[in-house]
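Read through the structure below, which is laid out as structure tokens, and then see the notes.
The values are calculated or read from the model by the stated rules, or taken from the named source; none is laboratory data. These numbers were taken from a predicted model, which means no experiment stands behind them. Methodologically, a virtual Cβ is constructed for each residue, glycine included, from the backbone with ideal geometry; neighbour enumeration extends over all protein chains shown.
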């Protein structure tokens, strides 16, 4: 008699880090580094962009997320430096919104993002499959508007100019999803119930922007 088993692997919380992992059928491993935008704050983790990417690209066998709401670049660095992380086929990095929100010195972001991207590349089996996502513009959300949308948007653009240049420096893929985040102005269903973070619908649009280039890169390995 044939038996079929579906194994769900749930990771433990390591220190202050949210560390999620799920097994798929077969193929590549994917490590996603970031903050609330990576864990899918305000929605089920299955609706976050890393898991949606895995659903769209069947070659991905497992997804591991190291991220937490509110993390700045230095907090992600501290966490990574205290973890023993192996090699992954695919690695993504999305970080910086909390640096901007907390009013951190921009020069610190320059140095720390550079360090994090080099770490991300170090975790990869093949640099070809490392990618960076731009920071969404929360200035267009109701929460952002109450703070000052114009200032937020300008500063987010500056952060994204930097992470784009760093991606070019290290020759990794870069996906600009900031314009998608600004579609909230005309479609509030792109926001989670907290009216600050992306909904599964918005993450789906991010994945449409990412999946073909990422799949092409994987197939070239």
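Side notes on the structure shown:
- The residues in the stretch 121-156 that are in contact with a helix residue (DSSP H, G or I) (Cβ under 7 Å, 6 or more places away or on another chain), outside any helix (DSSP H, G or I) and over 30 Å from residue 217 (Cβ atoms) can be counted, and the count is 1.
- Hey, residue 184 modelled with pLDDT of 95 or more and on the phi > 0 side of the Ramachandran plot or not: no
- Of all positions in the stretch 103-112, at least one carries a residue that is over 21 Å from residue 83 (Cα atoms) and buried (at least 21 other Cβ atoms within 10 Å of the Cβ).
- All positions within the stretch 136-170 that are under 29 Å from residue 215 (Cα atoms) and either buried (at least 21 other Cβ atoms within 10 Å of the Cβ) or touching a strand residue (DSSP E or B) at 6+ places or on another chain (Cβ under 9 Å) (or both): 136, 137, 138, 156, 159, 160, 163, 164, 166, 167, 168, 170
- Remark: pairs (first residue in the stretch 31-49, surrounded by fewer than 20 Cβ atoms within 10 Å (Cβ to Cβ); second residue at pLDDT below 95; Cβ separation under 8 Å; 6+ apart in sequence or on different chains) = 45/20.
- Counted residues, the stretch 69-85 - those being assigned to a loop (DSSP other than H, G, I, E, B), on the phi < 0 side of the Ramachandran plot and touching a helix residue (DSSP H, G or I) at 6+ places or on another chain (Cβ under 7 Å): 4
- If you go through the stretch 1-35 and keep only what is outside any strand (DSSP E or B), at pLDDT 50 or above and out of contact with any helix residue (DSSP H, G or I) (no Cβ under 8 Å at 6 or more places or on another chain), you end up with 26, 27.
- Here is the figure for the stretch 179-221: residues that are part of a helix (DSSP H, G or I), closer than 17 Å to residue 53 by Cβ, touching a residue at least 24 places away in the same chain (Cβ under 8 Å) and out of contact with any strand residue (DSSP E or B) (no Cβ under 8 Å at 6 or more places or on another chain) total 8.
- Selection from the stretch 86-115 of residues that are under 24 Å from residue 27 (Cα atoms) and in a loop (DSSP other than H, G, I, E, B): 86, 87, 89
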